[in-house]
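Engineer: The structure under discussion is supplied below as structure tokens; questions concerning it will follow.
The numbers here are math on the coordinates, done by the rules we state, and not lab data. Please read these numbers as outputs of a predicted model, since none were measured by experiment. Cβ placement follows ideal geometry from the backbone for every residue including glycine, while neighbour counts extend to all protein chains displayed.
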Amino acid sequence: MTPKMLLLPILLPAVLAVVLLVIPRTLRLVRDALALAGAAALLYYGFVFFSLKDLRFNVPWLGMGIDFDLRLYHFSSFILLALAGFLILIILYSTVKMKDAPRAREFFAYVFLTAAFANGAVLANNFVPLVFFWEGLLVTLYGLITIGGRPTSGRTAVKALLISGFCDFSMILGIGLLWTVSGTLTMSQVSVEPTGLAAIAFVLMMIGAAGKAGAMPFHTWIPDAAVDAPVTFMAFLPAAFEKLLGIYLLARISLDFFKLRPGSGLSVLLMVLGAVTIVLAVLMALVQKDLKRLLSYHAVSQVGYMILGIGTAVPFGIAGGLFHMINHAMYKCGLFLSAGSVEHRTGTTELKKLGGLRKEMPLTAFGFTVCALAISGVWPLNGFVSKEMVFHGALESGYTVFAIAAWVGAIFTFASFLKAGHSVFFGERTREIPAVKESQPAIVVPILVLAALCILFGVYNKLPLTLFIQPILAGHAEAGAHLDFTSHALDIFNPVALISIGCLVLAFLLHRHGFLKSGRKPYLASEPVHNLPVVHKLYDLAEARVFDPYEQGIKVLHGLSLVLYKAVDRPIDFVFEKVVTVAGEKFTAILRKAHNGHYANYLAWCLAGLIIVAGAISLLAK
Amino acid sequence: MIILFVALPLVVAGILPLVGKVSRRVVPDLLANAALLFLLVYAAIAGRHLIAGGPVLQQLSWFGEPVAIRLALDGFSLLMLLAIALVGLAACLFSIDYMEHYGAKANYYALFLVMIAGMNGLVLATDLFNVYLFMEVAAVASYALVAFGLGRDELEAAFKYLMLSVVATAFILISVAVIFGMTGSLDFAAVAKALQELNAGAAVGVASAFFLMGFGLKAALIPFHAWLPDAHPSAPAPISAVLSGLLIKVSGVYAMTRIFLNVFGLTPALSTVLMSLGALSMVVAAFLALGQKDMKRMLAYSSISQVGYVVLGIGIGTPLGIAGGLFHLFNHALAKGLLFLTSGSVQQATGTRNLDEMGGLAKRMPITAATNLVGALSIAGVPPLNGFWSKLIIIIALVQSGHPVFAVIAVLTSVLTLWYYLLMQRKAFFGKLNEKWAAVKEAPFWMTAATVFLALLCVGIGILFSSTVTTWIQPAADVLADGVHAVIGSWGF
Amino acid sequence: MNAETIVLLTILVPVVGSFATPLASLLSRRARSVWAILVSAVTAVLPLTLIPLALQGGELVVRKSLVLGLDFVLIIDPLSIFMAGVSSFVGCLIVVYSVGYIHKEENQNEYYLMVLLFIGAMMGLVFSGNLIFLYLFWEIIAISCWRLIGFYREPAHVRKADKAFLVTFFGAVVMLLGFIQIYGVTNTFDITAMRGTLVPGTAVLLILFGLFSKSATIPLHTWLPDAGVAPTTVTALLHAAVLVKIGVYAFARLFLYTFRLPEGWQQAIPIIVVVSSLVAAGAAAVENDIKRILAYSTISQIGYIFLGFSVANAAGISGSLLFILMHGLAKAGLFLCAGIVIHAVHTKDIREMGGLVKTMPVTAIAFLVCSFSVIGIPPFGGFFSKFLVIMGTVQAGRPWLAAAALFTAVLTMYYLFRVFSLVFLGELKHPAPEKTKSMVFVVAVLAVLSLAAGLFVAYPMKLVNIATTEMSWWLR
């Protein structure tokens, strides 16, 4: 294994992307086979790299300390492996789901390109290659959303691009500051105290990471994309890849680049961000009437747990956040894929139109149920474990309020999934949808694999925790004793877990209440919450995108542009166009008037001139 | 044989009316152009040999008896002779086709050559009275030439020109008389010497003021300029070219420069007055040009403005300033001559001088348009044309001699200059073709040839500015700068 | 051939070649086109042969003395070679595109003459080592620019051409005053002789007038959007390859290579250019004429180039140099794409276009790629240049300016995607296909180059780094 091999996870998918782009539409089978083979190869190398752990590739690039520097170590190899795993599932799924899509070629190309960029970003050990790959994802993000092909897809794509672009530019600024503070761009050499300028750098870089992960307030394109983009995209980017990357970077920022201390201002800032994201997004998710939109808000909400976990700056919380990252990627990907499976057969994801599909699509229903229970944090699935760790971390950090926020999130998460599952797979079969069959194996297999992993990671949680998570923290956890996964976290009988279970019960009651009150229509089960006096107004405003920072931001941008144009640019032009010319004309007109063609007049000027000249000469001569 | 510069054109002018009886066209054309071509070659080749060892003096004699006319050739005179020959030749070539419809070509050439002879004489004269004499010779011919078309406007313009010129010459004559009265001599060198010893401040001051007004009027410096915008446009185009390109410079700027720098000596007071007058002319005339609709009037005002530059440059009094002024004088002669000739082409083709009625003529008259563009950009001071270098030298001289304000004015005026020339370009040549002129054709051969000749000179001098400056301008400036040193050093008010 | 001959040829081939185009047209129209392409191609290749020399570092000064200290001086160093290479190359591509674009118009002789003269004067300017010759070529460019802007001869167009000429001429003569003031201090116009001296503050102000007027920076910028009335090829030439790059090049040549800026100006210039960049981006977001939008975008991007140069550290300078290349490629691509679109739909108003991705996919993709590059999104070339400029600004201790510049980048994204969405996405309003092959070929080449310049950035960067170290003598 030479260091050059590190280029493989970047170049292989990139080359494959180009190849897939040029393969003609008629050779669909070749394309699918090639894509699967490529993804499989990446997965294989993911395992190889994971076993290797330590590898460094460094060539000079731009000078000034900007090298093309790649580094494989435990954390990056873990993310690399996870990315490859999700990639192959998505590819497998897409071979059926995207079969007839008009721009399928592009889709596969973008997916592999995304994989290339993502792998590059994970491997980068210098901030410039990091930004290069990180920001490069914007291109595929834009491309993938436009593939949705709906009239509003273009708009949503631009929205995603602008929000992500804003976050990435913030990160660039943060990196610039960090460079100035630390004097180096090599990531493994940077470790500064987050004070003064460095604190600003921290916040800016955090915006970049949180924006990629889709935390509030940088999340608003995700629900829109859920409608406008292909569902495979949702499972691929917002659910899996972007979460992994965003949280990967956030973890590195908090652990490596800056020394984040528990209880410090920045730690609290992160926790606030996490808690707010959890609660607000889940409240939005609760009232959604469309399965994809509902899932997309959860994709936002769950980021909150991860950020909260990392933000505690307590080893146990950080481990929880990271574990939640991988867990969430699995079940959210599974959920989106099941939603896609439903959409694939029924042609819709509107809760109102769906119902009772468990008989016709049992495997999808099973996968969905497992994933939904996992995301809701039901014992013994993986979501339970990671959420518990986050709760513990929050409590350990001394800010109980954040733990409460997390619990509130848990209540509504479960409630909304009860609603969703009930509406789609259980309850009564609606007449609007004709009889359907279970989806093809290529669609079902990824869902089942993910569901199985959810169970595996929940039941045998020590496996991922010791294999993946613990080594990440090695060297960062100041007191190793805290990282005892055998004690409270995984035990169902401890106060924290009991509160969590209480939350789940509450959620069940809430759903039942809503269900009964709305005349046994599960899709209306959230209406009691929706219709609460003040909350209702807030929801209406939210639906009108009043709280969408993007919509407001665009208004500000437009207004600012208008001001700059009308107040600066046009007046300057006015000076050139009007003031100068009119002044010239006016002055000329006066002069012309004096030249009236009278001889006497001219003679008088001559004589006057003579007198003045004579006077001037004698005056000056004195 | 310096006398040739005066005698040859005079002799040919005398023959021409007689020849005209025999051949109305070909022979007068040939004769006049041959005479000017000879003058050009003589000035360009022989002239430099003549003065290689310093200024040459030639005492005229009548049957062995010396008469009171002495001609001198130095670097400055030679530069002027060259300019006169160049522009004169171009105008003369242009006349071959242009004067066809005026008739009386032989008489025209005769007057033309008399004017050339007068200017050559003035340039070579060595005493104040001869200056006056030759000035009047040239002026009288020019009155006739302005009125040559015999139209109402032409006559009125010629009359106005005549009347104001007479005032100017009257003051010059008074001043000459005063100087003679004080020094008992009219010879430049003798007067200069006598004035140094005399130390008569007030009288010299008044004489300077009179000279300034007289020559200023000839040079059309503001406020003595009002005759020019009437006179120059009214004359036939080649005459306008000579008037604007040469006459105002020879009988105005040259005479003024020669007297102030080599005879009176440039005192700081005089320098300030000259520079102020120059700057005033420059700016005001530029604004006036901006408002013109008549192409030739615009050019006429532009001449005033450019003479302002020349006077400003010479008025600085430093060797560099003088060189710049003279270089600009030379360049302006070529470029303005060129512009007036092209305006003649346009007028002949379209029958109008009104810019608003033209439009897109570049389509129909590409060569005229191109040469006009060269002239316009040259005067505006756009590199790499010749006008740029002379303005550059003037501005450098202004900054170096500690007159940044004048430098800024000069620079901004060149923007104004470009502005009105762009206006002219836009209205006349650049732009959509006015349907009215769909049938217009390019100017006849000789007219085009004359403009191309001058345009090539403008470009050529711009590119070879360095050798032009060293060969022609520097010797001329040296003559004046030497004079400054010689006189300023010991004499003042 | 030694370097001196190559440089002289680089200047003379296009200049002489330009005046020979009318002669070529006497043979046939095709001969003229071939001639024009040939001349521009030779001009593009010649500087490339100098790259090995540039990579060695060091400079070569050629001098021919003339009167009054107006010596003809050529500086052959990595900076000039880089600049010459970039602009002649983009210029050549634009000439190729022109063959398809203007083949039906009148005044083609003048067009090719002026375009080649334009490129030739640019080459002259780039290698000039004398302030006056710098100014001379500067104005030759202004003349050809004036003729080209008024190419269609519409009254309004000619007016805009005059405006452009007058504003830039105004700036230039003021700059000339600045040069003369420097002459007053150093007694020479020879750049190499005055290297290392401190320049007077007023001279900086005067010179900045010229640079800002040519490079269209606030408050002397409004002629540039107005110049959009020119044929698109010309606007591409103005914006991407030659005209607006002159100002920034001269800035680098004068205030980095030659002088040290006075302290106050070091503080002020970055602020001015960032404001300019921001205002232009705002205007671009408001305009509806596609060419005006792109023109404002140029003004905005020029601000970055100035910013990188004016913060004057290694990252900033190399970023700006790289920016010249990247912006040249991408902006030429954008304009030429716009040209194809305008040619097809006969309107410049983006609100009247739509859905063109269906009928002109190559153009759409090229436009998208170039947009990404201009915004500064990897893997396209524009990323590196913008990134380095921002890094340089932060390192110079001006994080607020860097933040403003990044905000401008967000605005850039906003308005460019506004254009892209309105023109290429949505409902198809004018079903017009992509026509001439040479035009589509050129935009495709530019898009591919924008990508390649990003992927293989290390190669141009090598030259840029050497140029940076060569010129920033005070950093050594």
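Engineer: Positive end of the charge dipole of chain C (Lys, Arg +1 and Asp, Glu -1 on Cβ, about the Cα centre): tell me which of C:Ala338, C:Phe165, C:Ile51 has its Cα farthest that way.
Structural biologist: Highest projection toward the positive end goes to C:Ala338.
Engineer: Which Cα, out of A:Val314, A:Thr430, B:Ala289, lies furthest along the positive dipole direction of the protein assembly as shown (beta carbon charges, K/R +1, D/E -1)?
Structural biologist: So the residue we want is A:Thr430.
Engineer: Residue by residue through region A:208-214, what is 3J(HN,Hα) from phi via Karplus (6.51 cos²θ - 1.76 cosθ + 1.60, θ = phi - 60°)? Round to whole Hz and write x for glycine and proline.
Structural biologist: Values, residue by residue: x, 5, 5, x, 5, 5, x Hz.
Engineer: Positive end of the charge dipole of chain C (Lys, Arg +1 and Asp, Glu -1 on Cβ, about the Cα centre): tell me which of C:Leu294, C:Ala203, C:Val394 has its Cα farthest that way.
Structural biologist: C:Leu294
Engineer: For B:Val22, what is the net charge nearby, where nearby means another residue's Cβ is under 15 Å from its Cβ and Lys, Arg count +1, Asp, Glu -1?
Structural biologist: +3
Engineer: Where nothing but the Cβ of Lys and Arg (+1) and of Asp and Glu (-1) is charged, how large is the charge dipole of the protein assembly as shown around its Cα centre, in debye to the nearest 20?
Structural biologist: 3140
Engineer: If you find the alpha carbon centre of region A:499-518 and of region C:1-72, how far apart are they in angstrom?
Structural biologist: Value for the Cα centre distance between the two parts: 82 Å.
Engineer: Right, something else. Rounded, prolate or oblate, given the Cα gyration tensor of region A:551-621, with a/c below 1.5 counting as rounded?
Structural biologist: Numbers: a/c = 12.31, a/b = 3.11, b/c = 3.95.
The shape class here is oblate.
Engineer: How far is helix B:152-183 tilted, in degrees, relative to the longest principal axis of the Cα atoms in chain B, given as a value from 0 to 90 rounded to the nearest 10?
Structural biologist: Between helix and principal axis, roughly 10 degrees.
Engineer: Given Cβ point charges of +1 (Lys, Arg) and -1 (Asp, Glu) and nothing else, what value in debye, to the nearest 20, does the dipole of region A:334-547 about its Cα centre take? Don't skip to the end; give the middle numbers.
Structural biologist: Working: 17 positive and 14 negative charges, 187 e Å.
That gives a dipole near 900 debye.
Engineer: Further, regarding this structure: Would you mind calculating the relative contact order of chain B from Cα pairs under 8 angstrom and at least 6 residues apart, reporting the percent as a whole number?
Structural biologist: 17
Engineer: Based on DSSP loop calls and a cut-off of at most 14 other Cβ atoms within 10 Å, the longest stretch of chain C free of exposed GluC sites (Glu not before Pro) is what?
Structural biologist: C:107-426
Engineer: While we're here: Using per-residue counts of other Cβ atoms within 10 Å, averaged over each peptide, order A:422-428, B:14-20 from highest down.
Structural biologist: The packing order, highest mean first, is A:422-428, B:14-20.
Engineer: Here's another thing I want to ask about it. Ignoring everything except DSSP H segments at least 4 long, calculate the 222 nm mean residue ellipticity for chain A; use -39,500 (n - 2.57) per segment, divide by total residues, nearest 500.
Structural biologist: Numbers: 25 runs with 426 residues, N = 622.
Calculated mean residue ellipticity at 222 nm is -23000 deg cm²/dmol.
Engineer: Return a whole-number percent for the relative contact order of chain C, with Cα pairs under 8 Å and 6 or more residues apart as the contact set.
Structural biologist: With pairs under 8 Å counted, the relative contact order is 16 percent.
Engineer: In sequence order, what are the phi-derived ³J(HN,Hα) couplings for region B:414-422 according to the Karplus relation 6.51 cos²θ - 1.76 cosθ + 1.60 with θ = phi - 60°, rounded to whole Hz, with x for glycine and proline?
Structural biologist: Running phi through 6.51 cos²θ - 1.76 cosθ + 1.60 with θ = phi - 60° gives 5, 5, 4, 4, 4, 4, 6, 5, 5 Hz.
Engineer: Amide H of C:Leu60: which non-local residues (sequence gap of 5 or more, or other chain) have their own amide H closer than 5 Å, using H built in the peptide plane?
Structural biologist: Residues meeting the criterion, in which the H sits 1.01 Å from N, are C:Ile76, C:Asp77.
Engineer: log10 I(q)/I(0), Debye, Cα-only chain A, no solvent, q = 0.07, 0.12 Å⁻¹?
Structural biologist: -0.45, -1.24
Engineer: Which of the peptides A:11-20, A:303-312, A:115-124 is most tightly packed, and how do the rest follow, judged by the mean count of other Cβ atoms within 10 Å per residue?
Structural biologist: A:303-312, A:115-124, A:11-20
Engineer: Please get the size of the charge dipole for region A:551-621, origin at its Cα centre, with Cβ charges of +1 on Lys and Arg and -1 on Asp and Glu, quoted in debye to the nearest 20.
Structural biologist: 200
Engineer: Translational diffusion coefficient, Stokes-Einstein: compute it for region B:87-239 using the Kirkwood radius over C-alpha pairs as Rh, at 20 °C and 1.002 mPa s, and state it as an integer in µm² s⁻¹.
Structural biologist: This corresponds to a translational diffusion coefficient of 128 µm²/s.
Engineer: For A:Arg56, what residues show an amide H to amide H distance below 5 Å, using hydrogens built from the backbone and excluding near sequence neighbours?
Structural biologist: Counting only residues 5 or more places away or on other chains, the set is A:Leu72.
Engineer: When you look at the Cβ of every residue in C:129-139, what mean number of other chain Cβ atoms sits within 10 Å?
Structural biologist: Partner-chain Cβ atoms within 10 Å, mean over residues of C:129-139: 3.
Engineer: I'd like the mean, over residues of B:271-277, of how many other protein chain beta carbons sit within 10 Å of each residue's own Cβ.
Structural biologist: That works out to 3 on average.
Engineer: Past the 32 Å Cα-Cα mark, which pairs from A:Lys586/C:Lys291; B:Lys441/C:Lys160; A:Lys593/B:Lys336?
Structural biologist: A:Lys586/C:Lys291
Engineer: Does anyone have the angle between helix A:153-182 and the longest principal axis of chain A? Alpha-carbon axes, 0 to 90°, nearest 10?
Structural biologist: Taking the Cα atoms of chain A, the angle to A:153-182 is about 80 degrees.
Engineer: Just grab the label-to-label distance for B:Leu18 and A:Thr184, each label 7 Å out from Cα along the Cβ direction, in nm (one decimal).
Structural biologist: Between B:Leu18 and A:Thr184, the label points sit 10.5 nm apart.
Engineer: Would you please give the residues with an amide H less than 5 Å from that of C:Ile377, counting only those at least 5 places away or on a separate chain, with H modeled from the backbone geometry?
Structural biologist: Hits under the 5 Å cutoff: C:Phe383.
Engineer: Next up: Classify region A:36-135 from the C-alpha gyration tensor, please: rounded if a/c falls under 1.5, else prolate or oblate depending on whether a/b exceeds b/c.
Structural biologist: In terms of gyration-tensor shape, oblate.
Engineer: Ok, one more. Return the ratio Rg/(2.2 N^0.38 Å) for region B:4-488, where Rg is computed over Cα atoms only.
Structural biologist: Compactness ratio reported: 0.91.
Engineer: Can you give me the relative contact order of region B:217-336 as a percent, contacts being Cα pairs under 8 Å and 6 or more apart?
Structural biologist: 31
Engineer: Based only on Cα atoms, what mean projected area does the convex hull of chain C have, in nm²?
Structural biologist: Value for chain C: 19.9 nm².
Engineer: Going by Cα centres, region C:173-233 and region B:379-429 are how many Å apart?
Structural biologist: 16
Engineer: Per residue of region C:280-285, what does 6.51 cos²θ - 1.76 cosθ + 1.60 with θ = phi - 60° give for ³J(HN,Hα)? Whole Hz please, x for Gly and Pro, Karplus curve as stated.
Structural biologist: 5, 5, x, 5, 5, 6
Engineer: Then there is this: With the Cα gyration tensor of the protein assembly as shown giving a ≥ b ≥ c as the square roots of its eigenvalues, does the rule (a/c under 1.5 for rounded; else a/b larger than b/c for prolate; else oblate) give rounded, prolate or oblate?
Structural biologist: Prolate shape, in that a/c is at least 1.5 and a/b is the bigger ratio.
Engineer: Kindly express, to the nearest 10 degrees and within the range 0 to 90, the angle between helix B:26-41's C-alpha long axis and the longest C-alpha principal axis of chain B.
Structural biologist: For helix B:26-41, the angle is close to 40 degrees.
Engineer: Compute and list, largest first, the equivalent-ellipsoid semi-axes of region B:230-300 from the alpha carbon gyration tensor, each √(5λ) rounded to a whole angstrom.
Structural biologist: In descending order the semi-axes read 28, 17, 5 Å.
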